[in-house]
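Engineer: I am attaching a structure below and will ask some questions about it afterwards.
Every read-out reported here was derived from the displayed coordinates using simple, explicitly stated rules and does not represent laboratory data. Quick caveat: nothing in here was measured; it's all calculated off a predicted structure. Ideal geometry is used to build each Cβ from the backbone, glycine not excepted, and the neighbour counts take in all protein chains shown.
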Amino acid sequence: MDRRAPIERINRLPEKSFVLLGPRGTGKSTWLRAVLPEALFIDLLDSARYLQFSRSPSDLLDLVAPLPPGSWVVIDEIQRLPMLLNEVHRIYESGRGIHFALSGSSARKLRREGANLLAGRALQEWMFPFLYPEYAPAWTIAEACEWGTLPLVVSDPQHRARTLAAYVEMYIREEIRAEALVRNLDPFVRVLQIAGLYNAQILNIENLARESGVKRSTVERYFQILEDTLLATRVPAIKLGIRTRETVHPKFFLFDTGVARAAAGLMVDSPDQVWKGFAFEALIHHELRAHEALSNRNRPLFHYAVSGSFDVDFLLQTRPKTLSAPRELIAIEVKSGERFKPAWTSGLKTLLEECPESVRRGIVVYQGTDHLFIDGIDILPAAMFLERLHADRLLVAEE
């Protein structure tokens, strides 16, 4: 397959106005132009447009006035001028029948400056780096682990290292320096490098503060910035009450393994096997999180760990706790090896035996090729797991 050929996204166009959120470089603008070719497209990265609406936000009404009911208006990079949300709200309330598609890469600015104005009137949609149904077979799972799945990287593998390095530099320049989110960039860059090195690991702010030489409160604020600018997310720990030293620390994930590699400064030399193992876990997290968001289920995802004992990488909640029944969970262990090892199932067995009412199924995802079923646990090759995930078949055990 030609890696430069356009890749069809699995996102579907909503029938009503929506806000499309996603990190820079995930293809929001490209997708909006493809699915709404007849829309009035307003690009706020265009300096002339930006200055126009900065001076006179009400010009938006003049632009949409000639449009017939049912027309679409796209405002790209809305976080650059959140004040325009007031005009969008006013036009929407006027009953003109205009649909808006608003894209943004900073949840922080939209929350702070008025996205609540559209609460209940616009859907919230997400755009992620390519997912398995999109990048396969143009890009392998191994490549996705090492280089990520940003569209520019997948479509131009020859320049992937330079593309990723430029992405991190652009993020620091345009999201951090331009928005004056931090006064001194040097400590932020150090923390970002550590975030890349410790991607997919339990987040202990105190340890990271010591390693980076940055105050604990500052490190916490930097990680919040990474989340607010959509580059990172945390997976909370779940307490099951079966051990006395269950961790409360979340796991931390950058949104793309290639970006994590660039942030860590690992573009020149190949990462070691330990980093690659965590990258594989991060890739599976990316697919789980994206699938939940795009299917509009948004089922909670947790991890479980007992200090000094054992851990399970992910627990996906498939049914919430009610007054009459406990919550139900699928426990998922991610291993980067190509040959199955019985020790991989020990944590899953513990949860299945000691929490049978809550943990209903155990799955090991690995990089081998054989599908095994051992002691009630599915051992799934990564490709098979991802196919079943995106086909909504994870809840069904298939021997």
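Engineer: With an 8 Å cut-off on Cα pairs and a minimum separation of 6 or more residues, tell me the relative contact order of region 134-266 in percent.
Structural biologist: 35 percent
Engineer: Enumerate the amide H contacts of residue 100 below 5 Å, restricted to partners 5 or more residues apart or on another chain; note that Pro and chain-start residues carry no placed amide H.
Structural biologist: Long-range HN contacts for residue 100: 17, 18, 73.
Engineer: Spin-label point model (7 Å from Cα, Cβ direction): what's the residue 244 to residue 207 distance in nm?
Structural biologist: It is 2.2 nm.
Engineer: Tell me the trypsin sites (Lys or Arg not before Pro) within region 187-220 that lie in a loop according to DSSP and have at most 16 other beta-carbon atoms within 10 Å.
Structural biologist: Passing sites in region 187-220 are 215.
Engineer: Hey, another quick one. Can you compute the charge dipole magnitude of the chain about its Cα centre, using +1 on each Lys and Arg Cβ and -1 on each Asp and Glu Cβ, nothing else charged? Give it in debye, rounded to the nearest 20. It would help to have the intermediate numbers written out before the result.
Structural biologist: Working: 49 positive and 50 negative charges, 199 e Å.
Dipole about the Cα centre, nearest 20: 960 debye.
Engineer: Relative to the Cα centre, what is the charge dipole magnitude of region 204-325, using +1 at the beta carbon of each Lys and Arg, -1 at the beta carbon of each Asp and Glu, and rounding to the nearest 20 debye?
Structural biologist: 520 debye
Engineer: Another question, then. Rounded, prolate or oblate, given the Cα gyration tensor of region 18-126, with a/c below 1.5 counting as rounded?
Structural biologist: Note, shape of region 18-126 comes out rounded.
Engineer: Here is a follow-up. From the square roots a ≥ b ≥ c of the eigenvalues of the alpha-carbon gyration tensor of region 135-243, which class results: rounded (a/c under 1.5), prolate (a/b over b/c), or oblate?
Structural biologist: Oblate.
Engineer: Is the C-alpha gyration tensor of region 289-390 telling us rounded, prolate or oblate? Criteria: a/c under 1.5 is rounded; beyond that, a/b larger than b/c is prolate, otherwise oblate.
Structural biologist: Taking the square roots of the gyration eigenvalues as a ≥ b ≥ c, region 289-390 is oblate.
Engineer: Could you pull out every residue, at least 5 positions away or on a different chain, whose amide H is within less than 5 Å of the one on residue 364? Hs are placed 1.01 Å off N in the peptide plane, and Pro or chain starts have none.
Structural biologist: HN-HN under 5 Å from residue 364: 333, 378, 379, 380.
Engineer: Considering only C-alpha atoms, what is the centroid distance from region 169-247 to region 8-24, in Å?
Structural biologist: 27 Å
Engineer: Suppose only helical runs count, i.e. DSSP H with n ≥ 4. What mean residue ellipticity at 222 nm does that imply for the chain under -39500 (n - 2.57) per run, divided by all residues and rounded to the nearest 500 deg cm²/dmol?
Structural biologist: After summing the helix terms and dividing by residue count, I get -10500 deg cm²/dmol.
Engineer: Modelling each spin label as a point 7 Å along the Cα-to-Cβ direction, I'd like the residue 185/residue 58 distance in nm, to one decimal.
Structural biologist: The answer from the label model is 4.0 nm.
Engineer: For 251, 239, what ranking results if the residue with the fewest other Cβ atoms within 10 Å of its Cβ goes first?
Structural biologist: Arranged by neighbour count, lowest to highest, 251, 239 become 239, 251.
Engineer: If contacts are Cα pairs under 8 angstrom and at least 6 residues apart, what is the relative contact order of region 214-308 in percent?
Structural biologist: It rounds to 35 percent for region 214-308.
Engineer: Using only alpha carbon pairs under 8 Å that are at least six residues apart, calculate the relative contact order of the chain and give it in whole percent.
Structural biologist: Numbers: 643 pairs, mean separation 51.9, N = 399.
The value is 13 percent.
Engineer: Taking R0 as 35 Å, what's the FRET efficiency between residue 392 and residue 67 from their Cβ-Cβ distance, rounded to 0.05?
Structural biologist: 0.40
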